[in-house]
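Heads up, the thing below is written out as structure tokens.
The values are calculated or read from the model by the stated rules, or taken from the named source; none is laboratory data. Please read all numbers here as calculations on a predicted model, not as lab measurements. Cβ coordinates were reconstructed from backbone atoms using ideal geometry, including for glycine residues, and neighbour counts include every protein chain displayed. The accessibility values were calculated without ligands, DNA or RNA, using every heavy atom of the protein model including side chains. Shrake-Rupley method; radii C 1.70, N 1.55, O 1.52, S 1.80 Å.
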Amino acid sequence: MTKQELFAYIDERSAIFTGLSDQIWSFAELSLKEFQSMALYVELLKEEGFTVETGLCGVPTAFSGSFGSGGPVIGLLGEFDALSGLSQEAGIAERKELIKNGAGHGCGHNLLGAGALAAAFAVKDYLQKTKKPGTVVFYGCPGEEGGAGKAFMARDGLWKQIDAALTWHPGDVNSITTGTNNSSIQVEYKFTGVASHAAGAPESGRSALDAVELMNIGVQFLREHMADHARVHYAITDAGGDSANVVQPRARVLYMVRSTQVKEALALLGRVDKIAEAAAMMTETRMERRFIDGTANTISNFTLEKLLFDNLTLVGAPNYTKEEEDFAQALIATIENAKSGLPGKGLIDGSEVTEEVRRLSNDGQKPINDFIVPYFQSTRQSMGSTDVGDVSWLTPTAQFVTACFASKSPGHSWQQVACGKSSIAHKGLLTAGKVLAAAAIDLFEDEELLKKAKAEFALNAREGYTCPIPPGAKPLAIDEEF
Ligand SMILES: [Zn+2]
Ligand SMILES: [Zn+2]
């Protein structure tokens, strides 16, 4: 079976994959609550003859669908969660909520999962027709926007069972993702005090809000004594109420600690914990902490990145109609402070690549980026975090981005939701599906390639995986009672 036949298979059945993506767009389910989305995936996988397992590693909406027998086992990772507050009508270039205060697919995970499924189906067709040994597994990975589904699955060793993992992400450019991400861990601290009349009996009150404020001040002082590359963010999730004349008996603060290495992030979190304990002692309140989620830093696999790049080049970037370009241009016009400079900022590196991107993008003026960013290997640190990092510590892993949105669209924006059901997005999804399928097939056919990817992985991951998720922790949506 040639790769052209593989691509034709995806094109012929494109309505299944774009239809799936559009339905997931409409469900717009938040992290760890993706039950309708999971049901739709499970139905499609079963119809196609995949063996389905749900509730993987204690995460109710984590699932897998596998086809084939024996090795190698290639995993394709799909996500499908949405973001709160981003409900938006599709296909228009103005801010208009579809559902008041509803959720929306502002990160394009409707496309992400459907693109990976397209690849899984195509690889299944390949395995069936060629009768080659090997297994393809589609993983439904929930809670990417909060909950870190893949990290829970990593804690339980799931990713060790596969020979390689491939995935992608919708973006505004066609490019391989290289370099590494920060590790990130979230913990929420709850303080409980004693309510009293703030004027009449202040001496009887013990303020939980004071504890939160003192904890925050403590952490501000800590900042001078932590590594430059570390980050600490916080949000007050409960300030105790709206009555200033009450000594607040309860208050909560959520902390997010990041560093380049998961071990460093854990050590820094330990210092934040001490400050929380001290704040409770100072205010004579009680402190309880609950773990929310955590992700490790990412390990690159240049062998697999090059494989993805070669196949991205083979598939090629899509062409766009005048109508599609006009829609993208109209969306760009609504973006305040549209990112200046070249597309794929953060993906490009080095003057040669930068100059080439400048040329290909008409100096950043294209409404949709219909070209492929040249591949370069990088160990550059990206400040953001992803739970793909946890996968990358347990099996050779690589990822890429395709253009699904107007150039310079910010992540997590209504503009991405508005574009998420368009033909621009669908073209990006199908491109990604073809690249993943073709790369997977190379891994089935070329034993040496997989060996090389594994050798590189063994070297880069030699210190072993430190999981940011404690042994007993359960996946938790941030709005659950505490
Ligand atoms: Zn996101
Ligand atoms: Zn995302």
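Brief remarks on what is shown
- Residue ID - most open to solvent (accessible area, probe 1.4 Å), chosen from residues in the stretch 84-112 that are farther than 23 Å from G143 by Cβ and in contact (Cβ under 8 Å) with a residue 12 or more places away in the chain: K100
- Some residue of the stretch 131-146 being β-branched (V, I, T) and outside any strand (DSSP E or B): no
- Taken over the stretch 162-187, the residue count meeting the criterion of being away from ligand 1 (no atom under 16 Å from the Cβ) and part of a strand (DSSP E or B) is 10.
- For the residues G200, G179, the requirement of being free of Cβ contacts under 8 Å to residues at least 12 places away in the same chain and farther than 22 Å from R286 by Cα singles out G200.
- Flag for I16 being among the hydrophobic types (A, V, I, L, M, F, W, C), open to solvent by 40 Å² or more (accessible area, probe 1.4 Å) and in the same structural domain as Q128 (by TED's automatic domain parsing): yes
- Selection over the stretch 88-113 of residues that are within 16 Å of ligand 1 (Cβ to nearest atom) and of a type in the set (G, A, S) gives a count of 5.
- In the stretch 403-416, the residues that are more than 13 Å from ligand 2 (Cβ to nearest atom) and at pLDDT 95 or above: A403, A406, W414, Q415
- Within the stretch 65-83, the residues that satisfy the criterion of being open to solvent by 10 Å² or more (accessible area, probe 1.4 Å) and more than 16 Å from ligand 2 (Cβ to nearest atom) are S66, F67, G68, S69, G70, G71, P72, V73.
- Look at the stretch 24-39: where a residue is charged (D, E, K, R) and a partner is open to solvent by less than 60 Å² (accessible area, probe 1.4 Å), sitting 6+ places away or on another chain with Cβ atoms under 7 Å, you get E29/S37; E29/D81; E29/A82; K33/A477; E34/T61; E34/F80; E34/D81; E34/P142.
- Against the numbered list (1) in contact (Cβ under 8 Å) with a residue 60 or more places away in the chain; (2) more than 14 Å from ligand 2 (Cβ to nearest atom); (3) surrounded by fewer than 24 Cβ atoms within 10 Å (Cβ to Cβ), F152 comes up short only at (3).
- Residue under evaluation A276, criteria (1) in the same structural domain as T402 (by TED's automatic domain parsing); (2) modelled with pLDDT of 95 or more, criterion not met: (1)
- Matching residues, the stretch 18-44, being charged (D, E, K, R) and outside any helix (DSSP H, G or I): E29, K33, E34
- In the stretch 129-149, residue nearest to A82 (Cα to Cα) [restricted to those that are within 10 Å of the chain's Cα centre (by Cα) and open to solvent by 10 Å² or more (accessible area, probe 1.4 Å)]: E145
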